[in-house]
Amino acid sequence: MPPGRLKALMALGPGAFGYGSPGEVVLMALVDGLRPKMRYTRLNEAFLLMVDARLFKMDVKKGLLGDLLADKLLTPYLALEGADYLRRLEVAFKQRVIKELLSNLILDLPEFASEIYIDPRYFLYEAIFRMGRVMPLSAYMFANLLARREDRLANEAKVMEGFKEAIRALEASGYLRPEGSFVRLGEEALRKGLGGLRKLFFIDELAYGLGETIRGLRRLVMKVLPGLAKAYVLEKEAFLRRFGGRGELSPLSELPRPDDFLLLKTHLGLRPAFAKAVLEEIAQLLGPIGKKDDVKISEIGGSLNVVYLVSVKGESGRVRLVVKKFKNWNNLKWLSLRLWSFGAKKFVISGRTRLKREYSMCNLLGELGFPVPRILHVDLATNTLVEEFIEGSNLAEPMRAFMFGEGDGRSFLALVEKAGQLVAGIHSHDVTLGDCKPENFIIDREGRIYLVDLEQASVGGDKAWDVAEFLYYSGHFVPSLAAEEAFEPIARAFLRGYLSAGGSPEVVRKASSVKFARVFSVFTPPQVMKAINKACREEAD
């Protein structure tokens, strides 16, 4: 090797990492202007792989060889020469890996990308699993380093040092923001969104693509570059020695799953975003209920979702939970709903988007002090949400009784007025409910009103729709032959509450517009529509 052309020298392989013999060491030398670009030879007991420094740098920066050179920087390599140079390349590589994985996260989870808390180890293990799919031999190297708990204790922190340095750089540029020991997507990444990150996604697909690309890389490594393959072969031999009978398993099967490092905020703290809900565990955290005695699950309806009530009974008490599975409805049910509300309201139909709205709106409104169910767990793998069960009856029940002259009319109208105040308070934070019918107002034993089923709620939106929906939905409980005077007290009580709590008179005027009247005329008696129009006009003036 000509003097002065050696940029760096690192030691890899089972012998260098402490689980192989001295003869199982691979030395990788980065050399300026090397011709041909890669050379392989035996050097005493070690194997020497010389790589053109510019070629190595291109693999680091651009994934030119599908990271088949750069992946060595995901190991706790031993820097024998040019330690600072190698560290700069390592951080640059890990910064690129993080950016690519962030782009995939936004593309795969557009609804939840801004909500996810990321344990930095996610970037390491997700990169390993992706590389293992492209070049299966590389999986043995990572399994040797990280499969066993003692191996992770010895190696994980060393590998994560470069990731942490890369994360600090990305925090400074706005791609990430710190949240304690976690990170979240920063404004820069979210601002670029799907469109701005597609270039990164293209690079990611180029590096980690499937099909012909994978087969081509395998042939390239095994036939054209036997020196590069040697490091992987040594790792596979060491893996089979160390893991014995488990050698037939996937070498990555014992590694932590990357999804376990993606978390969501709940009332119970941060919980894995892709983990199946263990209802007994959640109940114990809410309890105490003592030793579990009985679990009962019953379906409680839900026209658009599958909804279950789960009761966990123990020695010390009982905890009740609501489990919702959000399905996609791309069929005639949603078509009819869209046609019904056409021109007045656009409903969200995607199961994942509805889940996101229920999750984020419950968290947001709860933080603002509004009475909503507390979120206990989210499983993005199955679009399932677990939340607190609100004991009580919905507002539609006393409303029906009032229409037939039953119950305490004065206390009922006071509840309707409180419902109007609650909606106005939420509107004051520029949040709309989207599904504001009386059935979604739950009255607990103390007379406090909770809001449930927030899957159509959002920041922004049409406030007049909320007011109109409450009024017109309430109106369909009126007997068809009843006079308009039977319903007018309900409409006025709600509107008085709404306006007294700061609701906009203009919103009330819009609620009685022809746009909404046309939508709700399908099931609202004409005398009720007349009463709503009169009440909105007079109360807003």
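The values are calculated or read from the model by the stated rules, or taken from the named source; none is laboratory data. Small disclaimer: the values here were computed from a predicted structure and weren't measured. Backbone-built Cβ (ideal geometry, glycine too); neighbour counts: all protein chains shown.
Filter the stretch 14-70 for residues that are part of a loop (DSSP other than H, G, I, E, B), free of Cβ contacts under 8 Å to residues at least 60 places away in the same chain and not hydrophobic (A, V, I, L, M, F, W, C) and give the result. Matches in the stretch 14-70: 21, 22, 23, 32, 33, 35, 36, 37, 44, 45.
Of all the residues that make up the stretch 134-183, how many are polar (S, T, N, Q) and under 28 Å from the mean Cα position of the chain (by Cα)? Outline the logic, then answer.
Quick first cut of the stretch 134-183, residues polar (S, T, N, Q) only: 138, 144, 155, 173, 181.
If we keep only those that are under 28 Å from the mean Cα position of the chain (by Cα) as well, we get 173, 181.
Going through the stretch 134-183 one residue at a time, the tally reaches 2.
A residue that is surrounded by 15 or more Cβ atoms within 10 Å (Cβ to Cβ) and modelled with pLDDT under 80 occurs somewhere in the stretch 232-246.
Of the residues making up the stretch 518-541, those that are over 18 Å from residue 479 (Cα atoms) and in a helix (DSSP H, G or I) are 518, 519, 533, 534, 535, 536, 537, 538, 539, 540. Summed over the stretch 353-374, residues that are hydroxyl-bearing (Ser, Thr, Tyr) and touching an Asp or Glu at 6+ places or on another chain (Cβ under 6 Å) total 1. Selection of the stretch 385-432 for residues being assigned to a strand (DSSP E or B) and of a type in the set (Ser, Thr, Tyr) yields 393, 432.
Checked against the criterion of being in a helix (DSSP H, G or I) and under 30 Å from residue 191 (Cα atoms), the candidates 111, 100, 115 yield just one match: 100.
Scan the stretch 71-89 for residues that are in a helix (DSSP H, G or I) and under 24 Å from residue 234 (Cβ atoms) and report the count. Steps first, please.
Here is the first cut: in the stretch 71-89, the ones in a helix (DSSP H, G or I) are 71-74, 83-89.
Among the residues that remain, those that are also under 24 Å from residue 234 (Cβ atoms) are: 71-74, 83, 86, 89.
Result for the stretch 71-89: 7.
Selection of the stretch 488-517 for residues being in contact (Cβ under 8 Å) with a residue 60 or more places away in the chain and not in a helix (DSSP H, G or I) yields 501, 502, 503, 504. The numbered conditions (1) crowded, with 21+ Cβ neighbours inside 10 Å; (2) under 24 Å from residue 460 (Cβ atoms); (3) modelled with pLDDT of 95 or more are all true for residue 416 except (2). Considering only the stretch 382-393, I want to know if a residue exists there that is under 30 Å from residue 259 (Cα atoms) and among the hydroxyl-bearing types (Ser, Thr, Tyr). Yes, the stretch 382-393 contains at least one residue that is under 30 Å from residue 259 (Cα atoms) and among the hydroxyl-bearing types (Ser, Thr, Tyr).
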